[in-house]
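As structure tokens, the structure follows; a few thoughts come after it.
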Amino acid sequence: MLFNEPSPLETKVLSRRFGLPNSQSVETFVANEGFAAFRKAVAMTPEAIIDEVKKSNLRGRGGAGFPTGMKWSFVPRNNPKPKYIVVNADESEPGTCKDRLLIQNDPLQLVEGMMIAALVVGAKCGYIYIRGEYRYLIDIMDRAIADAYAKGWLGKNIQGTGFDFDVFTHTGAGAYECGEESALLESLEGKRGVPRIRPPFPAVAGLYRCPTVLNNVETFASVPSILLMGGEAWANLGTPRNGGTRLFCISGHVNKPGVYELPMGFNLMRMIEEVAGGMKGGRKLKAVIPGGSSCPILKAEECDIAMDFDALKAVNSMAGSGGVVVMDETTDMVKVALRIMRFYQHESCGWCIPCREGTLWLKKILTRVEGGMGQRNDAALLHELANNMLGRTFCPLGDAAAMPTISIVEKFRDEFEEYIRRSPMANVAAEESELAVGA
Amino acid sequence: MTLPPELEQKFSEIIGKYPPQHKRSALVPLLLYSQDALGKITPELVTEVARRVGVFPVQVEEVLTYYSMLHFPKPMGKYHVQICTNVSCQLTGGPELWERACKKLGLGHKEVSADGLISLEEVECIGACSWAPAIQINYDFHHFVTPEKLDELLDNLRQLQ
Amino acid sequence: MADPVKLTIDGIAVEAAPGTLLIEVAREMGKEIPAFCYYEGLTQVAACRMCLVEIDGMPKLMTACTQPVGEGMVVRTETPKLAEARKGTLEFLLTNHPLDCPVCDKGGECELQDMVFRYGAAESRYVEIKHHHEEQQWSPVVYFDPARCILCYRCVRVCSEGMGVNALGIVQRGAYAEIAPNHTDHLNCDECGACIDICPVGALTSDSYRYQTRPWEMNHVGTVCTHCSNGCKTTLGVRNDQILRGNNRDRSGINGEFLCVKGRYAFDFNESDERLTTPMIRKGGKLEPASWSDAIRFVAGKFKQVADAGRRIGVVGSARTTNEENYYLQKFARQVLGTQSIDHQRSGDVVTLLDALAGRQNALATVEDLYQSKAVLVIGTDLAQQHPLLHWQIRANWRHHGAHTYSVTAGPVREDQHTVGAVRAAEGQEIAALEQLRAQLAAEAELAIVFGDSVKGDAVRQLVAFGDSLGIPVKYVCLVDYVNSRGALDMGLTPELEPGYRAAADRGMTLPQMLADEHLAALWVVNADPLRDGALAAKDAFVVVQDLFLTATAQRADVVLPSASLYEKQGTVTNVCGEVQRLKKAAQTMGAKADLEIIGLIAKEMGAAAKMGPWMADKVFTEVQQVVAGYNVPLPVLATGGAAQTAPPSAKIGVETDPALIRSARDTLFTSGTLGSYSRKLDSLLESPGSLYQGEDALALTAQ
Ligand SMILES: Cc1cc2nc3c(=O)[nH]c(=O)nc-3n(C[C@H](O)[C@H](O)[C@H](O)COP(=O)(O)O)c2cc1C
Ligand code: SF4
Ligand code: FES
């Protein structure tokens, strides 16, 4: 089931089986190259597999873009403890809805990626942590897993290879922070989704403090194609150091919003104009959030850019999770900033002071400004407070909350000032405010 | 506390997924599936789940109150209408759907109709951004929701009972 | 030991052991890196973000509370950038803080107040509405004001990690996250108050101290808790002779910051309305108030009469009076009254243990040893209930050093949470059950054995033989009940042994024998209550009682002399591990006198002042040091609030004690013999049995 029309500009690698009849079954999967990469991997050494993944320039699709091959090489294989494979299917970054399609349309591709990772590190067990709202995906995944067990693709001595592997789904229950890898592990252990102190990283001490490979759904799902095509060929689909394709989730003010598989480094303007059918109602582009709501916003004039990790970093933004949110000239940036901050405030786990208190304060100021009660230096205060969070919080959620605010205030300051100019409190500064007394 | 047989079955299935010394891992799934099956989470259930996974009740409460899909102590309605207003939906009419639903149902955020049938919640991104605006009724997604479609969905709920 | 790591902090070259945290290294150098959540001995949480430092080559500011030293590291702890960051974080913190310092218990000793003073974030740019929180009462003693809480999680950690109780948790999320107890209205816990003590702000407060006073209005007197034999050092906060608070925040002494519910709250007996404040003499069948001089004269006269007539006098001493008083009392009994019938309620078979170990060095464990020993074996006692400091030490040893703990007990005990070998054995069967652990124990590098009163007589000798057969160094602790139970034995408060465990030439009567002796002419009871569950056979015996309260025994007395509590005395006491500590007088109850003074006055009245020597604690202790083997402990250690372990006798004692005389009162956390029954606070807590961790069900709980 597809929710939007595919685009002819797509490079269908991960999504090549999407839309096939019965695409979730072992039968369809195997008939269309499914488990072929696993068969290949069984004959390879762990080093050789890691090598291919390194050559592919696959970088984590969960947001941070860390090179996957390198991450896998950090797992101590001689450690006597059990090893685990954990899939991050918490997909909660606003603007992102691709892991959902990967599981819905091709659940076994993900399982195959997990199996290959398991071969590399010697894991016998894997968990797929799926956000609770995606209950129907858990059911799809459970059926696919059961099918795979029934046909000998999971469990003991898989297809006579002597390799044992179990996979289980695990449901989340509504918490963005559980997408952060260490908080995810805490949550998977039945605790509050509060991040852990790192180091040690999950590779060394992950689930149950055992060595763990933890990646995003799309990252795992990329691995079978890499082994089939060869790392180099896969890398060449994208730009230097940004291998392969990725699923971009285009949303907002475009004619054909949707999830499209495009090569890494695809130009953002082309993405909007050609893939997503251009701006809705022919209106002008104002801004784009390039990789989910945590990423600093781009103004229209910054959008002629290659969508890969390095190019976006060069303009002080991020490729993030592939959520491209397109905004036209009618967009009220104060409202956008407020809505984004409401999200981070709601989702802050509350563990550390700057994130817990900072998001709340920022939300309150933004609410006040948007509600027409802005004060003279509120824009400056927003900027300064967000900067007081940046780089000082326990986990990157604090940064994720601060960065969009900082960038929106910097790039669209006039809109904040306009709100404030119309406010009856326009001449009051926070520290002189009447409200401050006994508030 | 005795559980309905299907839930009991689900419990053993869930607990069976984790190594025996890590039964605690089952905590969140147990609570969520219990809520689905029983309609609410009660203090007795908290104690029961604590016992089953081998933790203290306060540790269940810690978890219970952390996750936004777990509603405790106040349960949500039989049909829980969740309207996303996060940024992609915000740009495409989510907030208008929210206002409309509030008016139509006469409910606010996390409020439940007097008969316990319908509840309403403004939710964070539900992973349907490219098909926004989107809403969820219980676990069912509805994409590209227009005001008319919203009305129809809500009217249907009343009929479903 | 691995080679030390060299690094530079604020331009100063330093060395530290690998793995040491920057915050600790800086502290050693005298640099206090600001921190709320970091707490030595508890797990790291890095939640407050105050301890940020700059490290060359690291793009982000790092938390000194989690960052171990690295070779060649260049660290800066005070820069404008850091001051800015800390100020920013404080400003965030204060947004929802009520700033009610003037009425807050913590005012004057609040870490938040200090920090704001240091970094300045007092004037806020926060103009939004603060969210309102109701104060909550979690237990009869614990109050929680969520608005003041800064979420440092110290309380949660000290409860779960330090105590093994798990009564606290964190509920809700984000800005609404809050500390919460196990049950919303009643803590099912040890009520130790560690959470209150460790709270850096005034979020957790105790019922007994709330709104009573300000820290600077009190005297802070370091002395020793009077309740159990563990002998925790406690700092009493005293105003106008009233004890308002017990804690040990300076972490000095054998217990560091630890105190149990009794140490923390049960000092209130001291000001009980039922305290005796005037001597009483029985007249016409009724106890009538009398002056001190009349009472003393009356007692001295009676004693002289009985002694001169060669009739039998029994003397019962106390496990809660000082070494000096015990020594002085037995000297008086033996030399002035000429009786060998002196005894006290014995609670552990120390004598047999010392006899079995005779001549050995280093065979008795100290409180510190329980924290250091690679393995600990607990026999026949529920330490968490009965010897809380020892439990705390063993648990900390496991947490910090991974020590192995074993237990042989009749029922579940809290050590089960981390035991590597637990055997259930009925009382009296423990020694036989030990065999099940032999192989495991023999494989340990060393062992400390702690045993209760069910191991006595021959069983003690068998235990020592078992220890010897393991072929590893073994140290022992023989558990006893009260603050100076051990000192009472050392000072010769038994008919068979004189001070220093010298066999008495001729034996007098034991306590049960005295009570049963129909011809007893006089009985002198000093701070003990033998008639609470015993009867006096001699109907006409002249009974003198020195006590704080009108106990069952005092009600039978002919003369009652009000005595001072341990908190009102100078002197020394000896704890369960044979460690001597010095008391400091913290308060005074008008009308009451220290037992030492009372005995001295009676001696003087009887014309025995010269023979007895002055009744000044220091002078008596000098004599104790000369006379009592093992007590030549270094005085400076005592003078500075430390504990010094006494040496055991160097030869066999050679005297058999009747094991039937040994019976522990088995006090729990919420009882403390006679004193406990006069503590309203303990009474109010009695319902909290700490049941959560008891019962087999709960055992599995924390095993993971
Ligand atoms: C606040 C926060 C939320 C995150 N949410 C997600 C998420 O929903 N899904 C995801 O795959 N990664 C998420 N991440 C990134 C993960 O921490 C982690 O980097 C990723 O799962 C690693 O997989 P990868 O290397 O394959 O990207 C999040 C990170 C942060 C800081
Ligand atoms: S109550 Fe005190 S100790 Fe506990 S988290 Fe709050 S501030 Fe810290
Ligand atoms: S002391 Fe380091 S973060 Fe609190």
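Below are the figures for this structure:
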{"item": "Any chance C:LYS60 is within 16 Å of ligand 1 (Cβ to nearest atom) and either more than 23 Å from A:GLY391 (Cα to Cα) or not in a helix (DSSP H, G or I) (or both)", "result": "yes"}
{"item": "Residue in the stretch B:80-94 that is open to solvent by 30 Å² or more (accessible area, probe 1.4 Å) and assigned to a helix (DSSP H, G or I) present", "result": "yes"}
{"item": "Test: residue in the stretch C:224-239 that is among the basic types (Lys, Arg), touching a residue at least 12 places away in the same chain (Cβ under 8 Å) and either within 16 Å of ligand 3 (Cβ to nearest atom) or in a loop (DSSP other than H, G, I, E, B) (or both)", "result": "no"}
{"item": "Looking only at the stretch C:180-208, and only at residues there that are within 16 Å of ligand 3 (Cβ to nearest atom) and of a type in the set (Val, Ile, Thr), the one that is nearest to the other protein chains (Cβ to nearest Cβ)", "result": "C:VAL201"}
{"item": "Condition met for C:VAL75 (more than 14 Å from chain A (Cβ to nearest Cβ), touching a residue at least 24 places away in the same chain (Cβ under 8 Å) and away from ligand 3 (no atom under 16 Å from the Cβ))", "result": "no"}
{"item": "Long-range neighbours under 8 Å by Cβ, at least six apart or interchain, first residue touching a residue at least 24 places away in the same chain (Cβ under 8 Å) within the stretch A:383-400, second of a type in the set (Phe, Trp, Tyr) and assigned to a loop (DSSP other than H, G, I, E, B)", "result": "A:PHE394/A:TRP351; A:CYS395/A:TRP351"}
{"item": "Selection from the stretch A:142-181 of residues that are more than 16 Å from ligand 1 (Cβ to nearest atom) and assigned to a helix (DSSP H, G or I)", "result": "A:ASP142, A:ARG143, A:ALA144, A:ILE145, A:ALA146, A:ASP147, A:ALA148, A:TYR149, A:ALA150, A:ILE158, A:GLN159, A:GLY160"}
{"item": "Every residue from the stretch A:59-91 that is under 16 Å from A:LEU102 (Cβ atoms) and either open to solvent by 50 Å² or more (accessible area, probe 1.4 Å) or within 16 Å of ligand 2 (Cβ to nearest atom) (or both)", "result": "A:GLY62"}
{"item": "The stretch A:122-141, residues that are more than 10 Å from every other protein chain (Cβ to nearest Cβ), assigned to a helix (DSSP H, G or I) and surrounded by fewer than 24 Cβ atoms within 10 Å (Cβ to Cβ)", "result": "A:ILE140"}
{"item": "Elements of type strands (runs of 3 or more DSSP E) in the stretch C:245-330, at least 1 residues being open to solvent by 50 Å² or more (accessible area, probe 1.4 Å), touching a strand residue (DSSP E or B) at 6+ places or on another chain (Cβ under 8 Å) and free of Cβ contacts under 8 Å to residues at least 12 places away in the same chain", "result": "C:286-289"}
{"item": "Where a residue in the stretch C:54-68 is assigned by TED's automatic domain parsing to the domain that holds C:GLU24 and its partner, wherever it lies, is among the aromatic types (Phe, Trp, Tyr), with Cβ under 6 Å and at least six apart", "result": "C:CYS65/C:TYR38"}
{"item": "Selected residue [within 14 Å of ligand 3 (Cβ to nearest atom), within 14 Å of chain A (Cβ to nearest Cβ) and either in contact (Cβ under 8 Å) with a residue 40 or more places away in the chain or among the basic types (Lys, Arg) (or both)] from C:ILE33, C:ILE23", "result": "C:ILE23"}
{"item": "Answer from A:MET307, A:MET279, A:MET269 - the residue that is more than 22 Å from B:CYS125 (Cα to Cα), of a type outside the set (Asp, Glu) and within 14 Å of chain B (Cβ to nearest Cβ)", "result": "A:MET279"}
{"item": "Residue in the stretch A:166-173 that is open to solvent by less than 50 Å² (accessible area, probe 1.4 Å), within 16 Å of ligand 3 (Cβ to nearest atom) and either under 24 Å from C:GLY174 (Cβ atoms) or at pLDDT below 95 (or both) present", "result": "no"}
{"item": "Test result for A:LEU214, away from ligand 3 (no atom under 16 Å from the Cβ), in a strand (DSSP E or B) and either hydroxyl-bearing (Ser, Thr, Tyr) or not assigned by TED's automatic domain parsing to the domain that holds A:PHE168 (or both)", "result": "no"}
{"item": "Verdict on A:LEU360 being open to solvent by 10 Å² or more (accessible area, probe 1.4 Å), in contact (Cβ under 8 Å) with a residue 12 or more places away in the chain and among the hydrophobic types (A, V, I, L, M, F, W, C)", "result": "no"}
{"item": "Index of the failed condition, B:TYR67 passing every other in (1) within 12 Å of another protein chain (Cβ to nearest Cβ); (2) open to solvent by less than 20 Å² (accessible area, probe 1.4 Å); (3) assigned to a helix (DSSP H, G or I); (4) in contact with a helix residue (DSSP H, G or I) (Cβ under 7 Å, 6 or more places away or on another chain)", "result": "(3)"}
{"item": "Strands (runs of 3 or more DSSP E) within the stretch C:147-223 that include 3 or more residues away from ligand 1 (no atom under 16 Å from the Cβ) and open to solvent by 20 Å² or more (accessible area, probe 1.4 Å)", "result": "none"}
{"item": "Matching residues in the stretch A:318-333 - criterion: being away from chain B (no Cβ under 11 Å) and within 16 Å of ligand 1 (Cβ to nearest atom)", "result": "A:MET318, A:ALA319, A:GLY320"}
{"item": "Filter result (away from chain B (no Cβ under 14 Å) and open to solvent by 20 Å² or more (accessible area, probe 1.4 Å)) within the stretch A:183-229", "result": "A:ARG196, A:ILE197, A:ARG198, A:PRO199, A:PRO200, A:PHE201, A:VAL204, A:LEU228, A:MET229"}
{"item": "Residue ID - most open to solvent (accessible area, probe 1.4 Å), chosen from residues in the stretch A:1-18 that are touching a helix residue (DSSP H, G or I) at 6+ places or on another chain (Cβ under 8 Å) and at pLDDT 95 or above", "result": "A:LEU9"}
{"item": "Contacts under 6 angstrom Cβ, first residue in the stretch A:134-159 being over 26 Å from B:CYS129 (Cα atoms) and assigned by TED's automatic domain parsing to the domain that holds A:LYS40, partner acidic (Asp, Glu) and surrounded by fewer than 16 Cβ atoms within 10 Å (Cβ to Cβ), 6 or more apart", "result": "A:LYS156/A:ASP164"}
{"item": "Residue that is surrounded by the most Cβ atoms within 10 Å (Cβ to Cβ) [pool: residues in the stretch C:15-49 that are farther than 27 Å from A:ASN388 by Cα and within 16 Å of ligand 2 (Cβ to nearest atom)]", "result": "C:LEU42"}
{"item": "Residue match in the stretch B:113-124 (condition: open to solvent by less than 10 Å² (accessible area, probe 1.4 Å), of a type in the set (Gly, Ala, Ser) and more than 14 Å from every other protein chain (Cβ to nearest Cβ))", "result": "yes"}
{"item": "Which numbered condition C:ASP56 misses (of (1) more than 10 Å from chain A (Cβ to nearest Cβ); (2) within 34 Å of the chain's Cα centre (by Cα))", "result": "(2)"}
{"item": "When residues of the stretch A:76-98 are limited to those that are polar (S, T, N, Q) and at the interface with chain B (Cβ under 9 Å from one of its Cβ atoms), the one nearest to ligand 1 (Cβ to nearest atom)", "result": "A:SER92"}
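The values are calculated or read from the model by the stated rules, or taken from the named source; none is laboratory data. Bear in mind that the values here come from a model prediction, so they are computed numbers and not experimental data. Cβ atoms come from the backbone with ideal geometry, glycine included; neighbour counts cover every protein chain shown. What goes into the accessible areas is simple: the full protein's heavy atoms, side chains included, and nothing from ligands, DNA or RNA. Shrake-Rupley method; radii C 1.70, N 1.55, O 1.52, S 1.80 Å.
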